[in-house]
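A.B. asks: Sharing a structure below in structure tokens format, with a few things to ask.
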Amino acid sequence: MPVHYVTYKGIKFPPAYNSEHSLSFAHNEFLVRDDDVFNVTYPKSGTVWMTEILSLIRSRGHPSWSQTILNSDRMPWFSTRLGLEAALSYPSPRLLTCHLPRHIFPKSFSHSTAKVIYTLRDPRDVVVSYYYFSKMSNPIKPWQDLTHAPAAFCLPSVPHGSWFEHVQGWMEMKDQENFFFITYEELKQDLQGSVRRICQFLGQDLDDAAVSSVVRNASFSAMRENPMCSSVLLPADIMDQTKGQFLRKGICGDWRNHFTVTQSETFDRIYQDRMQGLNMAFPWDR
Ligand code: A3P
């Protein structure tokens, strides 16, 4: 079945959750509150992981909130049709989620002290994760095979827009004090240290036991066991559990098991070319 994406400002979004109205409202009318905390990512970069981390920090390590309330209700997707309603009625301080590129993020953010946590991931692993996700997620047109996936990923017409532009747009904020970025790879390498850094950015003073509980409950295995974040409760027309698992592998470097040498070299060339203006090194560049 062909997927008719919703297009806003030239960017395609999956129609099941988004509408032109919700995206336009989020961009032009959504009133950011000074105590809002935003979890912002490009898809497949660790969004749901960060949702767990931030929810657990908010509940000071007590897992009951994360274990009883769906992640999308704990941190509404405010630019989507259903998430918008939830975000508007959410009492402060809000935790909010989105995949929006910087240029269509709420305009009112510029005049606020709200905080953004931006998580990014090796784009080659994003490609692989997205490939498997597209097979089980019905609102997205599946990539039939991986042969053309790396090249398709680099096209501006990819759903949610270009990864390169997403990262570059958000990285323009890297020196602002209400912006914090972290990589999936850093979370994997040192979750405890990452949680402490996030707490510091949020001004949340958690003791050692609370931090350990955040780390334990946001682990890949704990999240897989938690139906409130593993996506098993989503209806089959949104996420078909017979075709894969949302929490699939949860590792770094899986692209090595999928990219051919030629694909890897081609991707590297595109990456070098598109990223050269940024002047930053990420864990996967080393
Ligand atoms: P894989 O498909 O590579 O396994 P998003 O939430 O942005 O859609 O990202 C989904 C990716 O994050 C999936 O990657 C998923 O397994 C991974 N992920 C989610 N929670 C994780 C965790 N606690 N530890 C490691 N990876 C996690």
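The values are calculated or read from the model by the stated rules, or taken from the named source; none is laboratory data. Just so it is clear, the structure is predicted and the values come from calculations on it, not from any experiment. No Cβ is skipped: glycine too gets one built from the backbone with ideal geometry, and neighbour counts run over all protein chains shown.
A.B. asks: As an exercise: evaluate ASP268 against (1) more than 14 Å from VAL167 (Cα to Cα); (2) over 18 Å from the mean Cα position of the chain (by Cα); (3) not in a helix (DSSP H, G or I) and give the number of the one condition it does not meet.
C.D. replies: (3)
A.B. asks: Something else: Being away from the ligand (no atom under 14 Å from the Cβ), farther than 25 Å from LEU146 by Cα and without any contact (Cβ under 8 Å) to a residue 24 or more places away in the chain: is that true of ASP268 here?
C.D. replies: So ASP268 does not fit the description; no.
A.B. asks: Now for a different question. Kindly indicate whether GLY250 is at pLDDT 95 or above, out of contact with any Asp or Glu (no Cβ under 6 Å at 6 or more places or on another chain) and in a helix (DSSP H, G or I).
C.D. replies: no
A.B. asks: With respect to GLU177, determine if the residue is among the charged types (D, E, K, R), surrounded by 17 or more Cβ atoms within 10 Å (Cβ to Cβ) and within 20 Å of MET50 (Cα to Cα).
C.D. replies: Against the criterion (among the charged types (D, E, K, R), surrounded by 17 or more Cβ atoms within 10 Å (Cβ to Cβ) and within 20 Å of MET50 (Cα to Cα)), GLU177 does not qualify.
A.B. asks: Restricting attention to region 190-207, which residues are under 20 Å from the mean Cα position of the chain (by Cα) and among the aliphatic types (A, V, I, L, M)?
C.D. replies: Correct list: LEU191, VAL195, ILE198, LEU202.
A.B. asks: How many of the residues in region 89-101 are under 18 Å from the mean Cα position of the chain (by Cα) and either over 25 Å from SER24 (Cβ atoms) or part of a loop (DSSP other than H, G, I, E, B) (or both)?
C.D. replies: 4
A.B. asks: Here's a follow-up. I'm trying to understand the selection: among the residues of region 132-145, which are buried (at least 17 other Cβ atoms within 10 Å of the Cβ) and not polar (S, T, N, Q)?
C.D. replies: Correct list: TYR132, PHE133, MET136, PRO139, ILE140, TRP143.
A.B. asks: Only residues that are crowded, with 16+ Cβ neighbours inside 10 Å, within 17 Å of HIS166 (Cβ to Cβ) and among the polar types (S, T, N, Q): list them for region 1-29, please.
C.D. replies: ASN18
A.B. asks: Output the residue which, of all residues in region 218-253 that are among the hydrophobic types (A, V, I, L, M, F, W, C) and within 19 Å of PRO142 (Cα to Cα), is farthest from the ligand (Cβ to nearest atom).
C.D. replies: ALA236
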